[in-house]
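Some notes on the structure that comes next.
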2 protein chains.
Amino acid sequence: MSSCETCVVRNRAICAGLDNQEIVALNAIGRRRSVSAGEPLIWEDDDSLLVANVIDGVLKLTTSTEDGREQIVGVAYPSDFIGRPFGQTSKASVVALTDARVCVFSRNDFDRFARSHPELEHKLLERTLAELDRTRSWMMLLGRKTAPEKIATFLLEMSDRLAETGCTPITRGPAKRFTLPFSRQQVADVLGLTIETVSRQFTKLKNEGVIDLPARRDVEILNRASLVALAG
Amino acid sequence: MSSCETCVVRNRAICAGLDNQEIVALNAIGRRRSVSAGEPLIWEDDDSLLVANVIDGVLKLTTSTEDGREQIVGVAYPSDFIGRPFGQTSKASVVALTDARVCVFSRNDFDRFARSHPELEHKLLERTLAELDRTRSWMMLLGRKTAPEKIATFLLEMSDRLAETGCTPITRGPAKRFTLPFSRQQVADVLGLTIETVSRQFTKLKNEGVIDLPARRDVEILNRASLVALAG
DNA sequence: CGAGGATTTGACCCTCGTCAAGACTTGTGG
DNA sequence: CCACAAGTCTTGACGAGGGTCAAATCCTCG
């Protein structure tokens, strides 16, 4: 049941490229875990020292100031890797946005396994480099874009990422219609805005006919070209 | 002359941990290059496809919007690794802030070498993970901090990083006095502010006696505790 | 000494945050 | 099945932080 052979992300996560024998060994040190929406997997500053692969669902990575301001610094989709192996413990919380299933490892076990399996370390490196790229382009958004630009960029990114990780019915190309894994407050925390500004920008786009909002968390993109133009 | 044996970052860069034979091989595919202040090493979107180690000096990593807004998404100090190995070419420019020396490799050569030297890939992975941590905490700053908080955080980070990379006379602990490798405009581009706001916040801190500004790019921290409190 | 660039300072104003109220969802229990 | 409550989202009024534009001042270097 909880075996890697049947895992849906077996060929997309960092486990891809491991042979059967290695998979068995990895299987031995990991275990599946379910996290329900809103439940934390890792607390900021905690030293539970675990890492994980996302099998299913969406999780947020956040940091906060002492006075409670929050910034979402990353979003993990199926096949993404979570946690901080090797040395440092990074101060970020991980909380499930939707019901999720993950494959967790103690950091020590994982570190040891990774160091003796270069192919896995390589996969992890590629993934980390890609995440760094994405994070840097998000810095551009946070530092230099206006609220309308932020919202447009966000919707386009959602449309792409939700499609590519198979979270929506449509299988090819960006999703035209999708369900956000975020509340309005969480959208605000991703974009460095307030909930009110997010709401206002959403309704503005709706009134202009660029998007439709059939339900609280549902978005349909009616005019992708406009969004691209607005994204700046 | 340009050999790795005499390299000042030999034991701090990703080359640390390679034995002499490996170093010779790495030496064979790399070459030293000088970049003077203001000169680019990599253009956004270019496919020159090179990666590099910083030997000496400071460089900035930037992305820009079409209409010319710029965001500095990373700063590379001696022993830091620059560029995007494996697959993707990331769209960021690299420009020297000070006169700098780097050790460059064609990406293909480097990729091939790295894949056959797990120890080097591991070092690169650790470095990339650390950079991702730093980048994420910078997202918090860009998305959620006020201008005074940004400036205070920036000065503290400068004081730490310039000390640890040996860019200032003081060798132990954070630097009390240092020379910024940034112009005011570049500080603005790091913090997601305008040059005017940066200037005003600097003079405000000076008037309050928290810092002194003996010269254009020089900063002396008079009251570190205040800065920490202001950093939020 | 003068020119050109960088920085500072000032005046103004716009975007977005704050505060507050109202509307819409969702869930619960009678 | 409905009333009520609690949470989420939207809308409005207002103001402040920080951006914009413009001018003055300060370095730096030929």
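Nearest 20 debye, what's the magnitude of the dipole of segment A:145-230 about its Cα centre given +1 on Lys and Arg Cβ and -1 on Asp and Glu Cβ?
Here the size comes out at about 100 debye.
What ranking do A:140-146, A:113-119, A:187-193 get when scored by the average of other Cβ atoms within 10 Å per residue, highest first?
By packing density, highest mean first, the sequence is A:187-193, A:140-146, A:113-119.
Please give the average number of partner chain Cβ atoms lying within 10 Å of the Cβ of each residue in B:108-115, rounded to a whole number.
Counting other chains' Cβ atoms within 10 Å and averaging over B:108-115 gives 1.
Among B:213-224, A:56-67, what's the highest-first ranking by average C-beta atoms within 10 angstrom per residue?
Ranking, from highest mean packing down: A:56-67, B:213-224.
Please compute the alpha carbon radius of gyration of chain B, then divide it by the globular-protein estimate 2.2 N^0.38 Å. Two decimals is fine.
1.06
In degrees, nearest 10, range 0 to 90: what is the angle between the Cα axis of helix B:118-144 and the longest Cα principal axis of chain B?
20 degrees
About its Cα centre, how strong a charge dipole does the protein assembly as shown have in debye, to the nearest 20, once Lys and Arg get +1 and Asp and Glu get -1 at the Cβ?
Using only the charged Cβ atoms, the result is roughly 660 debye.
If you place +1 on the Cβ of every Lys and Arg and -1 on the Cβ of every Asp and Glu, how big does the dipole about the Cα centre of chain A come out, in debye to the nearest 20?
600 debye
Could you pull the Rg and Dmax for segment B:1-120, using just the Cα atoms, both in Å?
Answer for segment B:1-120, Rg first and Dmax second: 14.4, 49 Å.
For a 26 Å ceiling on Cα separation, which of these pairs sit above it: A:LYS206/B:LYS145; B:LYS123/B:LYS150; B:LYS60/B:LYS145; B:LYS145/B:LYS176?
Going by Cα-Cα distance, A:LYS206/B:LYS145; B:LYS123/B:LYS150 fall outside the 26 Å limit.
Determine, from the Cβ-Cβ distance of B:LEU213 and B:ASP160 and an R0 of 22 Å, the FRET efficiency 1/(1 + (r/R0)^6), rounded to the nearest 0.05.
0.70
For chain B, set up a GNM with springs between Cα atoms under 10 Å and report which of B:LEU205, B:LEU124, B:LEU132 has the largest fluctuation.
For chain B, modelled as a Gaussian network with Cα springs under 10 Å, the answer is B:LEU132.
Classify the protein assembly as shown: rounded, prolate or oblate, from the alpha-carbon gyration tensor (a ≥ b ≥ c, eigenvalue square roots; a/c under 1.5 rounded; otherwise prolate if a/b is larger than b/c)?
oblate
Any idea what angle helix B:20-29 forms with the longest principal axis of chain B, computed on alpha-carbon atoms, 0 to 90 degrees, nearest 10?
Roughly 80 degrees between the two axes.
Taking θ = phi - 60°, what integer Hz values does the Karplus form 6.51 cos²θ - 1.76 cosθ + 1.60 yield along segment A:200-217, in sequence order, with x for Gly and Pro?
4, 5, 4, 5, 4, 4, 5, 4, 7, x, 7, 9, 10, 10, x, 9, 2, 10
Taking each residue in A:80-92, count the Cβ atoms of any other chain within 10 Å of its Cβ, then average. What number comes out?
Mean inter-chain Cβ contacts per residue within 10 Å come to 3.
Would you mind checking the tilt of helix B:147-164 against the longest principal axis of the Cα atoms of chain B, expressed as 0 to 90 degrees and rounded to 10?
It works out to around 40 degrees.
Tell me which residues come under 5 Å, amide H to amide H, from B:ASP99 once H is placed; ignore anything under 5 positions away on its chain.
Residues meeting the amide H criterion: B:ALA37.
Before anything else, pin down the relative contact order of chain A: Cα pairs under 8 Å, at least 6 apart, normalised by residue count, whole percent.
About 18 percent, as a whole number.
Any idea which of B:GLY173, B:GLN186, B:PHE113 is furthest toward the positive side of the dipole for chain B, if Lys and Arg beta-carbons carry +1 and Asp and Glu beta-carbons -1?
Farthest towards the positive pole: B:GLY173.
Choose one of A:LEU142, A:HIS122, A:ALA152: the residue whose Cα lies farthest towards the positive end of the charge dipole of chain A (beta-carbon charges +1 Lys, Arg; -1 Asp, Glu; about the Cα centre).
Selected residue: A:ALA152.
Peptide B:142-151: average number of partner chain Cβ atoms within 10 Å per residue?
4
Rg to Rh ratio, segment A:145-230, alpha-carbon atoms and Kirkwood radius?
0.93
Work out how much length A:ALA28 to A:THR6 would gain on full extension: take 0.36 nm times their residue separation and subtract the Cα-Cα distance, in nm to one decimal.
Once the chain is fully extended between A:ALA28 and A:THR6, it gains 6.4 nm.
Express in whole angstrom the spacing between the alpha-carbon centres of segment A:171-206 and segment B:49-95.
A separation of 30 Å, based on Cα centres.
Put +1 on the Cβ of every Lys and Arg and -1 on every Asp and Glu Cβ in segment A:19-71; which of A:LEU26, A:ALA52, A:GLY38 then has its Cα farthest towards the positive end of the dipole?
Most positive-ward Cα: A:LEU26.
A short reminder: the numbers here are calculations on the coordinates, not readings from a lab. Note that this is a predicted model, so its numbers are computed, not measured. Please note: Cβ atoms are built from the backbone with ideal geometry, for glycine as well, and neighbour counts cover all protein chains shown.
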